1. Restricting to the range 97-112, name every residue that is touching a Leu at 6+ places or on another chain (Cβ under 7 Å) and either in a helix (DSSP H, G or I) or more than 18 Å from residue 165 (Cβ to Cβ) (or both).
2. Mind checking which residues of the range 113-128 are part of a loop (DSSP other than H, G, I, E, B) and touching a residue at least 60 places away in the same chain (Cβ under 8 Å)?
3. Can you tell me how many residues in the range 197-224 are farther than 21 Å from residue 245 by Cβ and either in a loop (DSSP other than H, G, I, E, B) or in contact with a Cys (Cβ under 9 Å, 6 or more places away or on another chain) (or both)?
4. Any idea which residue in the range 228-265 is farthest from residue 177 (Cα to Cα), counting only those that are β-branched (Val, Ile, Thr) and assigned to a helix (DSSP H, G or I)?
5. Is it the case, given these coordinates, that residue 170 is in contact (Cβ under 8 Å) with a residue 24 or more places away in the chain, more than 27 Å from residue 132 (Cβ to Cβ) and assigned to a helix (DSSP H, G or I)?
6. Could you run through the range 41-54 and say how many residues are assigned to a helix (DSSP H, G or I) and over 13 Å from residue 27 (Cβ atoms)?
7. Might you let me know whether the range 102-110 holds any residue that is crowded, with 22+ Cβ neighbours inside 10 Å and farther than 19 Å from residue 37 by Cα?
Amino acid sequence: MQIVLLGTGNVAVVLGRLIANSEHSITQVYGRNRDNARLLAEELSAISGSPVAFTAETKSLDLSAGLYLVAVSDSALIDIKNWLKLDKQLVAHTAGGVSQNVLKTVSANYGIFYPLQSLRKEMTRIPHIPFLVDGNTPENLATLFDLAKDLSPDTSMADDTARLKLHVGAIIVNNFTNYLFTLAEDYCRQEDIPFNTLKPLIREVAERIDHASPGTLQTGPAIRNDEGTIQKHKEMLRSYPALFHLYDEITRSIQQYYQSRSGQV
């Protein structure tokens with residue numbers, strides 16, 4: 001399939017690389033910043049061995065492609081009716097928390113092509129990417145599903161509601177945990193202790209859930225109701241208000257959660 005890629009950010013770059021390495025092809029890159037569009041087109045040309053055009057004007061889009069893949073910010077998507085008009089060409093966006101209906105005014109054929117993964121253009125390798133797809137007709141859904149399946153064996157259909165639920169889960173396991181890592185790194189720096197010493201623990205915790213439910217793996221003073229250790233930790237964190245608040249809230253949440261579970265047994 002020939003694809004026009006709209007966007008030059010993290011998701012656009014990584015998906016562009018993935019597609020350029022497949023049997024499908026990016027024929028044109030659109031970006032509001034002409035230099036960014038040119039650089040991405042040049043990179044994808046080098047990967048695929050075929051020329052990739054670029055433009056900073058939607059009026060100059062190649063209208064002969066089989067898919068127009070919109071990988072832009074949520075705010076740009078909400079405003080898409082003001083900057084993108086197609087006819088009957090298939091268009092899909094890559095956002096997790098935006099309905100496919102935002103594309104109604106763009107084309108008669110539209111859908112979702114959502115990579116449920118944290119993607120950054122600085123990546124030296126493309127990680128495993130689960131794709132969630134949808135379409136406003138069975139035919140459009142099938143087209144997007146087949147494309148996603150060619151890029152990843154982990155592909156499934158998800159309507160707007162299911163995708164939003166998974167997006168919430170993704171925010172919790174990715175953005176929230178990364179924020180905790182950030183606070184922990186700041187704490188280690190200010191206390192002059194090595195954050196690197198914690199990295200093997202981070203990897204071990206993440207790897208364990210490949211083999212067991214997270215609910216069966218909880219450890220620590222909260223689940224043991226070790227109030228002595230909890231109070232020592234809280235005292236140490238008093239000069240770190242954000243960490244103190246999170247430590248207190250999460251500790252009580254863990255205790256309440258497991259007390260409730262034990263009461264259900």
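1. Once the filter is applied, which keeps residues that are touching a Leu at 6+ places or on another chain (Cβ under 7 Å) and either in a helix (DSSP H, G or I) or more than 18 Å from residue 165 (Cβ to Cβ) (or both), the range 97-112 yields 102, 106, 107, 109, 110, 111.
2. So the first thing to find is which residues in the range 113-128 are part of a loop (DSSP other than H, G, I, E, B), and the list is 116-128.
Across the range 113-128, the qualifying residues are 119, 120, 121, 123, 126.
3. Filtering the range 197-224 for residues farther than 21 Å from residue 245 by Cβ gives 197, 199-217, 219, 224.
Right, trim to either in a loop (DSSP other than H, G, I, E, B) or in contact with a Cys (Cβ under 9 Å, 6 or more places away or on another chain) (or both) and you get 197, 209-213, 217, 219.
Residues that pass the stated criteria total 8.
4. First pass over the range 228-265, keeping only residues β-branched (Val, Ile, Thr): 229-230, 250-251, 254, 265.
Checking the rest, the ones that are also assigned to a helix (DSSP H, G or I) come to 229-230, 250-251, 254.
Working: 229: 23, 230: 20, 250: 12, 251: 15, 254: 15 Å.
Of everything passing the filter in the range 228-265, 229 is farthest from residue 177 (Cα to Cα).
5. Values: in contact (Cβ under 8 Å) with a residue 24 or more places away in the chain: yes; more than 27 Å from residue 132 (Cβ to Cβ): no; assigned to a helix (DSSP H, G or I): yes.
Against the criterion (in contact (Cβ under 8 Å) with a residue 24 or more places away in the chain, more than 27 Å from residue 132 (Cβ to Cβ) and assigned to a helix (DSSP H, G or I)), residue 170 does not qualify.
6. At the first step, the residues of the range 41-54 found to be assigned to a helix (DSSP H, G or I) are 41-48.
Filter again for over 13 Å from residue 27 (Cβ atoms), leaving 42-43, 46-47.
Here the count works out to 4.
7. Of the range 102-110, the ones crowded, with 22+ Cβ neighbours inside 10 Å are 103, 110.
Imposing the further condition that a residue be farther than 19 Å from residue 37 by Cα reduces the set to 103, 110.
Taking every residue of the range 102-110 in turn, at least one turns out to be crowded, with 22+ Cβ neighbours inside 10 Å and farther than 19 Å from residue 37 by Cα.
For (1) under 27 Å from the mean Cα position of the chain (by Cα); (2) surrounded by 13 or more Cβ atoms within 10 Å (Cβ to Cβ); (3) within 21 Å of residue 251 (Cβ to Cβ), each residue gets a yes or a no:
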{"residue": "192", "(1), (2), (3)": "no, no, no"}
{"residue": "196", "(1), (2), (3)": "yes, no, no"}
{"residue": "202", "(1), (2), (3)": "yes, yes, yes"}
{"residue": "212", "(1), (2), (3)": "yes, no, no"}
{"residue": "223", "(1), (2), (3)": "no, yes, yes"}
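The values are calculated or read from the model by the stated rules, or taken from the named source; none is laboratory data. All of these numbers come straight from a predicted model, not from anything done at the bench. Quick reminder, even Gly has a Cβ in these numbers, built from the backbone with ideal geometry, and neighbours come from all protein chains shown.
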